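Trainee: Supplied in structure tokens, the structure appears directly below.
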Amino acid sequence: MNQRIFPSILSVLVILIPTFQGCTYGDAGIFYTIEKEVFIPDASDSLKNDISVNGLARLGTNTYVGTRSLFRKADGDSEWQILRPAEWGSGYSHVLSIAADSSRLYVVVSNGEATQTKLMNFNGSVWAQSSGSVSGKPVRLTPVFNATGALVALYLSVHKSDNTYAVHDINLTSGAINPAISLDEPIALPVQAAAYDGSNFYLTAGDARLFKGTLTNLTKLSYSFGADLGGVSTLSAFPVSGAVFVTLSNGRVAWSTDAGMSWSQSGPHSKQSGENPVRLGHIFVLNGVVVAGSTQAGKQGGGLYELVSDGSGGARVQNLTAATTDINNYNSTALSSATVTGYLSVSGKTYVGTLGKGLFRQESSNKSWTWE
Amino acid sequence: MKKPTLAVLFLINFARLFAQSEIEAVPIFAFDQRNLGDKALGLSLGTDIPLFYQTLSGSTAPANLSLGGFLALDLDFYLNNNWLLGGRLRGSFNATPNGNIVFLVPILFKGTYEIKFWPFSVPLWMGAGISFISFKQAFEVNPALQLGSGFYYHVSSQWGFGLNLNYLWIAQLYSGNESPGISSDQSRLANFLDIGLSAVFHF
């Protein structure tokens, strides 16, 4: 009997021991993570926790979130209200993108198959289709902020029949679509992000090129970042006030203080040892710290990352710390491993939208996140 | 072969089947005497109670998990009437405060001493092995120990039914080199208690 059992045990051990090599570690120990997990309040029943957010906007005392639908929540309310204005027209039920200036909400709507799209605007009481001639389908709105976070322009990407994109700016006085702006090279993706430093406009379109120029005439910068670009923003925060920041697909943040003539880069950040660096996208300021959102999800590195001093004059990207968030609360959210699709700062609150993981809200008073 | 011959053979076998059934219908004396080579297959189902975590410095913290469920399969080989050697495959799940599920699947080699007072038996056992742990995107393999006991009522020589109570201990030890966010002070010794119903089949 023993002659049969012990060789069997040995065989099983030989089979099982290699499984130790197949471990996939998380950001922290499993039981440690569970021990520290705190309950994340779910503030709203009407906004599902598995939605993908494609835009956030603020008009008056209302906050808007675009998913496939348009939701609105007034200050003081706890629930989000879904909007289906009849003025959008028959069949136009899907929201592709939203943005707002101080007087209007803009929404790109489409039919179910997205074969037809149009830009609608809402002045707080009346919906209207934005006038103006476009040769293609409007698909994405990109707000342009200055260093203090004020909206100075709004770009509209239009998908053309040759699979490139025209970029129009919106007349913020009338809500109309102005003629296409001039880019010295065609772009094969919608505008990803745009910024204004007080003198120049900057624009990225998800590839390796950064465009710079006036509102309506931008040219490609010759500088090579060595990676695709994510977000671009002018932020009055560390490491250098008033710089132009660009996030990169190699886990780095680049910044320029001379209008894009020369650039500095942070060190890269990898969520997992040996894994590819986190691909960074949206960049904004959270509780006074420059923060970038990931364009990936899961173990490859979702969530938010800080840009901090590396102690030797440079900067590095790292996981969020207590400076920007309640760590146990943040690590307990689905946001910490999600693709970040948008953000909105509203008087003491920051909303962060995700791909398929819903919308999160942080109160700056306690730096903890709530699932909307 | 001709059809009549086949029919006769069929009838003979059919008759044998009935004859065998009559013999089996005669009450036989149930016994609980086991010998080297006898085997026992057990199935347990019940509640998994997360108890607490302990750090390597000795401090403890609540397990922060909900009650869960477990299912275990045991296969043991009798060395003699009281001692068994075998293995256990156990699976369990528990939920965190936000509904994230942690799955534990220990595979243990176990030794059992069985106290017998027919028609009851009380097995006392200890197992050691590894535990597969899956949580969100993480998957780890950790050393595990389990102590267990049971109380069975044997309705026949083959079948027994009863309760079991088991203590599971998993050592999740880190050196700090596993990933950038993991440090050695995140090592935890996790403690769970299983309470369940069992059925055991001897063959």
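Trainee: When B:Gln33 is evaluated against the numbered criteria (1) under 29 Å from B:Tyr153 (Cβ atoms); (2) at pLDDT 95 or above, which criterion, by number, is the only one it fails?
Mentor: (2)
Trainee: If you take the residues of region A:175-216 that are at positive phi and assigned to a loop (DSSP other than H, G, I, E, B), which of them is surrounded by the fewest Cβ atoms within 10 Å (Cβ to Cβ)?
Mentor: Once the filter is applied, the top-ranked residue is A:Gly198.
Trainee: Is it the case, given these coordinates, that B:Phe161 is more than 14 Å from every other protein chain (Cβ to nearest Cβ), part of a strand (DSSP E or B) and closer than 20 Å to B:Arg90 by Cα?
Mentor: yes
Trainee: Looking at (1) surrounded by fewer than 16 Cβ atoms within 10 Å (Cβ to Cβ); (2) in a loop (DSSP other than H, G, I, E, B), find the lone condition where A:Thr219 falls short.
Mentor: (2)
Trainee: Let me ask something else about it. How many of the residues in region A:307-323 are away from chain B (no Cβ under 14 Å) and under 18 Å from the mean Cα position of the chain (by Cα)?
Mentor: The qualifying residues number 1.
Trainee: Sort through A:Thr257, A:Thr234 and tell me the only one that's over 18 Å from A:Thr142 (Cβ atoms), among the hydroxyl-bearing types (Ser, Thr, Tyr), touching a strand residue (DSSP E or B) at 6+ places or on another chain (Cβ under 6 Å) and at pLDDT below 90.
Mentor: Selected residue: A:Thr257, the only one of A:Thr257, A:Thr234 that is over 18 Å from A:Thr142 (Cβ atoms), among the hydroxyl-bearing types (Ser, Thr, Tyr), touching a strand residue (DSSP E or B) at 6+ places or on another chain (Cβ under 6 Å) and at pLDDT below 90.
One line per residue, one yes/no per condition, for (1) at positive phi; (2) within 14 Å of chain B (Cβ to nearest Cβ); (3) assigned to a strand (DSSP E or B); (4) of a type in the set (Val, Ile, Thr):
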residue	(1), (2), (3), (4)
A:Glu35	no, yes, no, no
A:Ile40	no, yes, no, yes
A:Lys48	no, no, no, no
A:Ser52	no, no, no, no
A:Val65	no, no, yes, yes
A:Lys73	no, no, yes, no
A:Ile82	no, no, yes, yes
A:Val95	no, no, yes, yes
A:Ala99	no, no, yes, no
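Trainee: Kindly check whether there is at least one residue in region A:32-40 that is farther than 27 Å from B:Ser134 by Cβ and at pLDDT 85 or above.
Mentor: No, region A:32-40 contains no residue that is farther than 27 Å from B:Ser134 by Cβ and at pLDDT 85 or above.
Trainee: Take A:Ser241 and tell me if it is under 25 Å from A:Gln318 (Cβ atoms), within 23 Å of the chain's Cα centre (by Cα) and either in a loop (DSSP other than H, G, I, E, B) or at pLDDT 95 or above (or both).
Mentor: yes
Trainee: Turning to a different aspect of this structure: Of all the residues that make up region A:276-290, how many are more than 20 Å from A:Ala205 (Cα to Cα) and either in contact with an Asp or Glu (Cβ under 9 Å, 6 or more places away or on another chain) or assigned to a strand (DSSP E or B) (or both)?
Mentor: So the answer is 4.
Trainee: OK, next. Of the residues B:Gly69, B:Gly127, which single one is assigned to a strand (DSSP E or B), surrounded by fewer than 19 Cβ atoms within 10 Å (Cβ to Cβ) and more than 11 Å from chain A (Cβ to nearest Cβ)?
Mentor: Within the list B:Gly69, B:Gly127, the selection yields B:Gly69.
Trainee: So which of A:Ser294, A:Ser347 ends up being farther than 18 Å from A:Thr247 by Cβ and either away from every other protein chain (no Cβ under 12 Å) or at pLDDT below 90 (or both)?
Mentor: None of the others qualify; the one that does is A:Ser347.
Trainee: Please go through (1) under 21 Å from A:Ser44 (Cα atoms); (2) assigned to a loop (DSSP other than H, G, I, E, B) for A:Tyr330 and return the number of the only condition it doesn't satisfy.
Mentor: Only one criterion in (1) under 21 Å from A:Ser44 (Cα atoms); (2) assigned to a loop (DSSP other than H, G, I, E, B) is unmet by A:Tyr330, namely (2).
Trainee: From A:Leu183, A:Leu172, A:Leu210, which residue is under 18 Å from the mean Cα position of the chain (by Cα) and more than 17 Å from A:His94 (Cα to Cα)?
Mentor: Going through A:Leu183, A:Leu172, A:Leu210 in turn, just one is under 18 Å from the mean Cα position of the chain (by Cα) and more than 17 Å from A:His94 (Cα to Cα): A:Leu210.
Trainee: Taking region A:25-74, which residues are small (Gly, Ala, Ser) and free of Cβ contacts under 8 Å to residues at least 24 places away in the same chain?
Mentor: If the condition is that a residue be small (Gly, Ala, Ser) and free of Cβ contacts under 8 Å to residues at least 24 places away in the same chain, then A:Gly29, A:Ala74 are the ones that fit.
Trainee: Name the single residue that is surrounded by the most Cβ atoms within 10 Å (Cβ to Cβ) among those in region B:189-198 being of a type in the set (A, V, I, L, M, F, W, C) and more than 10 Å from chain A (Cβ to nearest Cβ).
Mentor: Taking the candidates together, the pick is B:Phe192.
Trainee: Within region B:164-188, count every residue that is facing another protein chain (nearest Cβ under 8 Å), part of a loop (DSSP other than H, G, I, E, B) and touching a residue at least 12 places away in the same chain (Cβ under 8 Å).
Mentor: 2
Trainee: To continue, here is another question. Filter region B:80-94 for residues that are more than 10 Å from every other protein chain (Cβ to nearest Cβ) and among the aliphatic types (A, V, I, L, M); which is nearest to A:Thr370 (Cα to Cα)?
Mentor: B:Leu89
Trainee: If you don't mind, there's one more thing I want to ask. Tell me which residues, restricted to region A:66-99, are within 20 Å of A:Ile170 (Cβ to Cβ) and either of a type in the set (S, T, N, Q) or under 20 Å from the mean Cα position of the chain (by Cα) (or both).
Mentor: The answer is A:Gly66, A:Leu70, A:Val95, A:Leu96, A:Ser97, A:Ile98, A:Ala99.
Trainee: Which is within 12 Å of chain B (Cβ to nearest Cβ), in contact (Cβ under 8 Å) with a residue 24 or more places away in the chain and closer than 21 Å to A:Lys36 by Cα, of A:Ser332, A:Ser368?
Mentor: Within the list A:Ser332, A:Ser368, the selection yields A:Ser332.
Trainee: Still on this structure, I have one more. Can we say A:Ser345 is assigned to a strand (DSSP E or B) and surrounded by fewer than 24 Cβ atoms within 10 Å (Cβ to Cβ)?
Mentor: yes
Condition check ((1) free of Cβ contacts under 8 Å to residues at least 24 places away in the same chain; (2) touching a Lys or Arg at 6+ places or on another chain (Cβ under 9 Å)) across all residues:
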| position | (1), (2) |
| --- | --- |
| A:Ala292 | no, no |
| A:Thr295 | no, yes |
| A:Gly311 | yes, no |
| A:Ala315 | no, no |
| A:Thr324 | no, yes |
| A:Tyr351 | no, yes |
| A:Gly358 | no, yes |
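Trainee: Mind checking which residues of region B:95-124 are in contact (Cβ under 8 Å) with a residue 12 or more places away in the chain, part of a strand (DSSP E or B) and away from chain A (no Cβ under 13 Å)?
Mentor: B:Thr112, B:Tyr113, B:Glu114, B:Ile115, B:Lys116, B:Phe120, B:Ser121, B:Val122, B:Pro123, B:Leu124
Trainee: Here's another thing I want to ask about it. Restricting region B:135-158 to residues that are within 14 Å of another protein chain (Cβ to nearest Cβ) and free of Cβ contacts under 8 Å to residues at least 24 places away in the same chain, which is surrounded by the fewest Cβ atoms within 10 Å (Cβ to Cβ)?
Mentor: Ranking the qualifying residues of region B:135-158, first place goes to B:Gln137.
The values are calculated or read from the model by the stated rules, or taken from the named source; none is laboratory data. In this text the structure is predicted, and so the values were computed from the model without any measurement. So basically every Cβ, Gly included, is an ideal-geometry build from the backbone, and we count neighbours across all protein chains shown.
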